[in-house]
Amino acid sequence: MEEDLFQLKQLPVVKFRRTGESSRSEEDGISGEHEVQIEGVRPELEPVELEDGAAVPKEFANPTDDTFMVEDAVEAIGFGKFQWKLSVITGLAWANAMEMMILSILAPQLHCEWRLPSWQVALLTSVVFVGMMSSSTLWGNISDQYGRKTGLKISVLWTLYYGILSGFAPIYSWILVLRGLVGFGIGGVPQSVTLYAEFLPMKARAKCILLIEVFWALGTVFEVLLAVVVMPTLGWRWLLILSALPLLLFAGLCFWLPESARYDVLSGNQEKALATLKRIATENGAAMPLGKLVVSRQEDRGKMRDLFTPHFRWTTLLLWFIWFSNAFSYYGLVLLTTELFQAGDVCSISSRRQEVKAKCSLTCEYLTEEDYTDLLWTTLSEFPGVLVTLWIIDRIGRKKTMALSFLVFSFCSLLLFLCVGRNVLTVLLFIARAFISGGFQAAYVYTPEVYPTATRALGLGTCSGMARVGALITPFIAQVMLESSVYLTLLVYSGCCLLAALASCFLPIETKGRGLQESSHKEWGQEMVGRGSHSP
């Protein structure tokens, strides 16, 4: 008996931190920490600490509870093989950046080939964003009502079909309609972030969402390289068709995607959610938490009014402006890049356009090999943008990361007022694009984290819709206003980003170190402190 007691005394005290709600007492829920102790065992022993991203050992998996939530299971299972596969598949959907990057290449080509005036060229770009704006909220609502996987699959297949079809457009009106329908489908692709985020443990969430943004950067770079090869030989029609390749790969692999376990629990499908969690645990070689999966209180999903409750009203309005500014500035810079490169420098662009008007209103210039090379260099800035954001987002927080990105972009825009040469122009555009893309990525991390499961897809969808409003307006600034005054154009972009930096600072919630909120009926953050927030 004494020998058994001696062995019991050697057992460590194991501390676990809960990230979700359970059937504990109110006092336990406040403290958030629970200890496994045996009477007589020394209480002063140190708690066991887990490495970053490490799964809870099988022998310690949820030992004190008879219930657990999806958040507990995701944290216990950790990051593994399943999440790596999910990263690649959702990343292929995210590579639809090719459909966006093609706008800056297609516009000057059709301007020359079909003799389009500048307003029709701008309209060709804007119609894509009209489609995205009109559908973003709809896709968010579909994802909240019928599932993240359902909404994402339909939107990708829609984009793939009309993207290929637009390569066969015989006249301007046809390509205008077809590109608008492509935009309608692209409006649902950001739901891949919602699906992806809901399978990620807290410590890995920001890094992983940023890393699938690499697929966006890869898509833009691949589009430029594809244009260099295809445009001189096969022409713009084949470029449109071949740009749909990543979405074609996604369509072939999307059967593997599971539905979000968080969505299944919220919609009352407990068995399906449990099966999904067991599948993830098996693929990752980790243990499921012990006990029974708790079914969350079922709520009305995808209701617009939930975005304007007292807890979220200010957040929603500020996020809408931040997303508007991100897209307005990002796509504006993409379109400005080709205009500035064709002019050679900022100071000569106005005089150059006056000369062109004097010769003929339809005079045009095709993109040269030098233009493609410089376009490629500025496109490559997406990668350092990801790396910088990845390095700072968990150090200074989501809000400050967005604010810093807007400030740097605004500063670079003001520096373009100087009569700089082509090399300095390329460097400034490189830095500006790196930081504005980084700010966009930080917004994609922050938005799914700040909204509860019942409105997460809708919240992301409405923000994406507001971004498309900015993208819809920006061609008329970057291509039409530019003809009147390059300095006024740059001032508009710089001022918008300064206001967006202030909006980022005024966001009431910082989501760094927080778990995903399951229920909208609780004060934000009360039960959402994850295990990782007290790591050494």
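For the stretch 71-110, give me each residue that is within 24 Å of residue 155 (Cβ to Cβ) and of a type in the set (Asp, Glu).
99
Could you check residue 271 against (1) more than 30 Å from residue 183 (Cα to Cα); (2) buried (at least 17 other Cβ atoms within 10 Å of the Cβ) and say which number it fails?
(2)
Could you tell me which residue of the stretch 274-311 is farthest from residue 145 (Cα to Cα), considering only residues that are modelled with pLDDT of 85 or more and buried (at least 18 other Cβ atoms within 10 Å of the Cβ)?
281
Filter the stretch 183-240 down to residues that are hydroxyl-bearing (Ser, Thr, Tyr) and free of Cβ contacts under 8 Å to residues at least 60 places away in the same chain, then give me how many there are.
1
For the stretch 245-259, check the following and say yes or no: at least one residue is charged (D, E, K, R), farther than 30 Å from residue 368 by Cβ and not assigned by the TED database to the domain that holds residue 379.
Within the stretch 245-259, one or more residues are charged (D, E, K, R), farther than 30 Å from residue 368 by Cβ and not assigned by the TED database to the domain that holds residue 379.
Under 14 Å from the mean Cα position of the chain (by Cα) and either surrounded by fewer than 24 Cβ atoms within 10 Å (Cβ to Cβ) or touching a residue at least 60 places away in the same chain (Cβ under 8 Å) (or both), is that true of residue 451?
no
Looking only at residues that are among the charged types (D, E, K, R) and open to solvent by 10 Å² or more (accessible area, probe 1.4 Å) in the stretch 135-187, which one is farthest from residue 239 (Cα to Cα)?
Checking each candidate, the answer is 149.
For residue 66, are the conditions met, namely being modelled with pLDDT under 75, surrounded by fewer than 21 Cβ atoms within 10 Å (Cβ to Cβ) and within 25 Å of the chain's Cα centre (by Cα)?
So residue 66 does not fit the description; no.
Can you tell me which condition residue 161 does not meet? The list is (1) modelled with pLDDT of 85 or more; (2) within 22 Å of residue 331 (Cβ to Cβ), and all the others hold.
(2)
I'd like the full set of residues that are outside any loop (DSSP other than H, G, I, E, B) and either buried (at least 23 other Cβ atoms within 10 Å of the Cβ) or within 19 Å of the chain's Cα centre (by Cα) (or both), limited to the stretch 397-409.
398, 399, 400, 401, 402, 403, 404, 405, 406, 409
Do you know which residues across the stretch 416-429 are farther than 14 Å from residue 371 by Cα, surrounded by 14 or more Cβ atoms within 10 Å (Cβ to Cβ) and either touching a strand residue (DSSP E or B) at 6+ places or on another chain (Cβ under 8 Å) or not aliphatic (A, V, I, L, M) (or both)?
Hit for the stretch 416-429 is 417, nothing else.
Among the residues of the stretch 249-268 satisfying the criterion of being in contact (Cβ under 8 Å) with a residue 60 or more places away in the chain and open to solvent by 60 Å² or more (accessible area, probe 1.4 Å), which is nearest to residue 78 (Cα to Cα)?
The extreme case among them is 253.
The values are calculated or read from the model by the stated rules, or taken from the named source; none is laboratory data. On a predicted model such as this, the values are computed, not experimentally measured, just so you know. Cβ: placed from backbone, ideal geometry, glycine included. Neighbour counts: every protein chain shown. SASA here: full protein model, heavy atoms, side chains in, ligands and nucleic acids out. Shrake-Rupley method; radii C 1.70, N 1.55, O 1.52, S 1.80 Å.
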